[in-house]
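Laboratory data are not the source of any read-out in this text; all were calculated from the coordinates shown. As the structure is a computational prediction, the values presented were derived from the model and not from experiment. We place every Cβ from the backbone using ideal geometry, glycine too, and count neighbours over all the protein chains shown.
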Amino acid sequence: MTQGRLLTGGEFWDVLTGFDHTLTRLELQDRYTEASEAELLAAWTAGDPFPATEVPGLRDWYDNVSAHVAAGGRVERVRVQQDPPTSYQQFERWLDRWNLESGEVMRYLTRERAFEIGLLPAAGNEDWWLADSARLVIMRFDSEGHRIENELVTDPVTVLQACKWRDLAVHHSVRVHHSDVAA
């Protein structure tokens, strides 16, 4: 894969808020360790969750998605998960309600199915965001699920390959609808 440029946190957010038409995420990790969601995850695990919109970072994300969708954009995410889902992946599915309410398209693919269709191991083990089919942000994580860096890649060959993986993942995944999540 062609090397890109490492992004600061602000530059990463700029890509996620500065796309024109489409933004797609491929999620491959079994869990994520994000400081911003630690309190919500702990409350959910204890059986006493509060609305995800009370977490400033998540609220900012939902507002960003809502604004782009209202302007005619599309934000889509494909989560490749274990079957059955891990506890953390169940938490992510609980969060779907707010992603869907903001206008994000949520899709799921089992890890087994991802191997059957050739997405894995070909796509690697790193998550990414694909903005406007032109900019790829590769997200790298440590073994505990902490994001350690974000790399922007604009090399046309690498971006085209990500577009092909996106299309493959979207075609074979199952879309989540509002009726699929608990209110």
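Assorted remarks:
- Under a model in which nothing but the beta-carbon of Lys, Arg (+1) and Asp, Glu (-1) is charged, the chain shows a dipole of about 520 debye around its Cα centre.
- Options L119, I138, P85, ranked by Cα towards positive dipole end of the chain, top entry (Cβ charges): L119
- Gain on full stretching of the segment that runs from L6 to H177 - 0.36 nm per residue minus C-alpha separation: 58.1 nm
- Looking at the stretch 5-180 alone, DSSP beta bridges between its own residues are antiparallel in about 60 percent of cases.
- The residue among L28, V170, A67 whose Cα reaches farthest toward the positive pole of the charge dipole of the stretch 5-180, with charges on the beta-carbon of Lys, Arg, Asp and Glu, is V170.
- Across the options T17, L41, A52, the greatest Cα extent toward the positive end of the charge dipole of the stretch 5-180 (unit charges at beta carbon of Lys, Arg, Asp, Glu) belongs to T17.
- In terms of other Cβ atoms within 10 Å, I148, I138, I117 run from fewest to most in the order I148, I117, I138.
- With contributions of -39500 (n - 2.57) from each DSSP H run of at least four residues, the per-residue ellipticity at 222 nm computed over the chain stands at -12000 deg cm²/dmol.
- Residue with peak Gaussian network fluctuation, the chain [Cα springs, cutoff 10 Å], from T110, T24, T45: T45
- Computed Rg/Rh of the chain, alpha carbon atoms with Kirkwood Rh: 0.93
- Once each of the GluC sites (Glu not before Pro) sitting in a DSSP loop with at most 16 other beta-carbon atoms within 10 Å is removed, the chain keeps 35-125 as its longest stretch.
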